[in-house]
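Here's the structure, in structure tokens; my notes come after.
Each reported figure results from applying straightforward, stated rules to the coordinates on display, with no laboratory input. Everything numeric in this text was worked out from a predicted model, so none of it was measured. When we count neighbours, we look across all protein chains shown, and the Cβ atoms used for this are built from the backbone with ideal geometry, even at glycine.
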Amino acid sequence: MSGSGIPASFFTGPLTLSERLEKFLAFYNSLSGADFKASAAMPDLKTTPAWLRGQALYHEDIRFIDPVHHIEGRMALLHYLAHGYERVIHCQFTPITAIEQSEMSHLSWRMELQHHAIGNGKAFTVDGCSVLQWHDTQIIAHRDYYDLTDMVYQHLPVLGWVTHKIKQKMAEA
């Protein structure tokens, strides 16, 4: 079971992804904090492997929205990802369903995340989806939907207990 209660076996059968969704998943599944770090060999953040892959995937005018952020522009998005992945121990996205029509894609996924600052570094899962709008081969709009309670709040000592009790009461009603 995932954090949202959907059993892993809910969706069955092989999932075939388009080349562009494969590229999208490969980008996120290959990210790590070290992937964005500048080093003596690569002193400029903009020459790191993750930055270069991000430039190929995202249009310079990308509009990115998730439950916490609204970001405009490829440089701002890549800086956000570099900062966000600094303390990630492990992050893996597994595709669940995909729908594509013309320049739009919808991908539901299960993210397994292990982060130093969340849940004492223990791995947990979050179900979510990404809605993508493409301009040629690049993403020009990216919106992520996921339950922020599953991702963050339930892992905080007091808020975790409160959100668990609220969910429990709602389920009983």
Inset, instruction - May I ask you to sort 111, 104, 75 by Cβ crowding, counting other Cβ atoms within 10 Å and putting the fewest first? - result: 104, 75, 111
Inset, instruction - Treat the count of other C-beta atoms within 10 Å as a stand-in for reagent exposure and order 88, 68 from fewest to most. - result: 68, 88
Legend entry - Relative contact order computed over the stretch 19-147 (Cα-Cα under 8 Å; 6+ residues apart), in percent: 23 percent
Legend entry - 12 Å beta-carbon shell around residue 20, net charge (K/R +1, D/E -1): -4
Legend entry - Interchain or long-range residues, amide H under 5 Å from residue 96's placed H: 108, 109, 110
Legend entry - Antiparallel DSSP beta bridges within the stretch 19-147, percent to nearest 5: 90 percent
Inset, instruction - May I ask you to compute the full-extension gain from residue 131 to residue 15, defined as 0.36 nm times their residue separation minus their alpha-carbon distance, rounded to one decimal in nm? - result: 40.0 nm
Inset, instruction - Report, by chain and number, residues whose modeled amide H sits under 5 Å from the one on residue 141, excluding near sequence neighbours (fewer than 5 apart, same chain). - result: 63, 133
Inset, instruction - Order by neighbour count: 61, 136, fewest other Cβ atoms within 10 Å first, most last. - result: 136, 61
